[in-house]
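Worksheet for the structure shown next.
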Amino acid sequence: MKELTFKPGKTLVCGILNVTPDSFSDGGKWKGTDSAVLHALEMQAQGADMIDIGGESSRPGSEPVGLEEEAARVIPVLEALAGKLNVPVSVDTCKPALARLAVKAGADIINDIAGFSDPAMIEAAASTGAGAIAMHMKGEPRTMQADPVYKDVTAEVKEYLAGRAAALKAAGVKNIMLDPGIGFGKTLVHNLELIARLDEVRALGYPLFLGVSRKNFIGRLAGGGPEDRLAGTIAACVMCAERGADVVRVHDVAECRRAMLVADAIRAERR
Ligand code: 8Y4
């Protein structure tokens, strides 16, 4: 089982490997296992420290897919990557059966956007020895952007993540990362506040994993569709890095890796 190596002051980059035919930020370019494997190896060569593979679209308004379909997309890619990839792979799923199959096929980390709210997901991580990324989401993808309301979004997300970390730790899960879930049941201002106050979430003492890449809030602020959001993505990743994000999950690995090298070098001179 591969593990991430955290170096103080180094922001790791996680490359996104979408294996959904409808992944709109990639324009639905999914062309099967071979191109997914090539894309993963390309991201590794560009400096990705890990790869996140997902077969179920979790974009706002999306419908769930069945286990068979999700497995048919994800498992062949994981099997083809085993032995080819030198960096850890996370599998983006909420399904315990898929999580177990994925770890058997070579995944090292389970990335659950539902925050391991299903005890069977905690058990999947505990019994396989995989790491865990527990993300905060208010509601479910189909309805989450309807009208999310918080009294204090940062405090609520922090409290939720503290509880998930405690549950995972109690079950014996070793490598736990926490994620405030940018864009998942949050308004524009909620997303901005969570990034601005990320240091408060960091105080929980767990590595922080952040996904801002090409997300809607960037389009709301700076205009453009998903393909026009690289500059905004880099700005958001730099702000996350500045506040202590350990990993940023991005589509554009080469560009974001370079941005993190510069951001981290500046942060290193703080006194
Ligand atoms: C354009 C491109 C617009 C992509 C929206 C999107 C996260 C995640 C996703 C995250 C963790 C996405 C699977 C949503 N986001 N997992 N997954 N954290 N842990 N939307 O922020 O990229 S998918």
*When you look at Ala72, is it of a type in the set (A, V, I, L, M, F, W, C) and in contact (Cβ under 8 Å) with a residue 40 or more places away in the chain, yes or no?*
no
*Filter the range 48-88 down to the residues that are assigned to a loop (DSSP other than H, G, I, E, B) and among the β-branched types (Val, Ile, Thr), then identify the one that is modelled with the lowest pLDDT.*
Val65
*asked:* Taking the condition of being touching a strand residue (DSSP E or B) at 6+ places or on another chain (Cβ under 7 Å) and either within 19 Å of Gly211 (Cα to Cα) or buried (at least 21 other Cβ atoms within 10 Å of the Cβ) (or both), how many residues in the range 143-177 meet it?
replied: 8
*Give the residue, chosen from Arg249, Arg142, that is within 11 Å of the ligand (Cβ to nearest atom) and in contact with a Gly (Cβ under 7 Å, 6 or more places away or on another chain).*
Arg249
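So that you can scan it fast, the table gives a plain yes or no per residue for (1) open to solvent by less than 10 Å² (accessible area, probe 1.4 Å); (2) within 16 Å of the ligand (Cβ to nearest atom); (3) touching a Phe, Trp or Tyr at 6+ places or on another chain (Cβ under 7 Å):
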| site | (1), (2), (3) |
| --- | --- |
| Gly106 | no, no, no |
| Ile110 | yes, yes, no |
| Ile113 | no, yes, yes |
| Ala134 | yes, yes, yes |
*So which residues in the range 30-73 are within 15 Å of the ligand (Cβ to nearest atom) and farther than 24 Å from Asn216 by Cα?*
Asp49, Glu70, Arg73
*So which residues in the range 212-246 are at negative phi, surrounded by fewer than 21 Cβ atoms within 10 Å (Cβ to Cβ), within 14 Å of the ligand (Cβ to nearest atom) and not acidic (Asp, Glu), if there are any at all?*
Asn216, Gly219, Arg220, Leu221, Ala222, Gly225, Pro226, Leu230
*Determine the pairs where a residue that is touching a residue at least 40 places away in the same chain (Cβ under 8 Å) and over 14 Å from Val189 (Cβ atoms), located within the range 206-220, has a partner that is among the acidic types (Asp, Glu) and more than 7 Å from the ligand (Cβ to nearest atom) with Cβ atoms under 9 Å apart, the partner being 6 or more residues away or on another chain.*
Tyr206/Asp246; Pro207/Asp246; Phe209/Asp246; Ser213/Asp252; Arg214/Glu227; Arg214/Asp228; Arg214/Asp252
*Residue that is in contact with an Asp or Glu (Cβ under 9 Å, 6 or more places away or on another chain), acidic (Asp, Glu), farther than 24 Å from Ala196 by Cα and surrounded by 14 or more Cβ atoms within 10 Å (Cβ to Cβ), where the choices are Glu123, Glu79, Glu56, Glu140*: Glu56
*Can you tell me which residue among Ile113, Ile75, Ile51 is within 23 Å of Lys138 (Cα to Cα) and not charged (D, E, K, R)?*
Ile113
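The values are calculated or read from the model by the stated rules, or taken from the named source; none is laboratory data. A quick note: this is a predicted structure, and the numbers were derived from the prediction, not measured. Virtual Cβ from ideal backbone geometry, glycine too; neighbours counted across all protein chains shown. Each accessible area value is taken on the protein alone, full model and side chains, heavy atoms only, with ligands, DNA and RNA left out. Shrake-Rupley method; radii C 1.70, N 1.55, O 1.52, S 1.80 Å.
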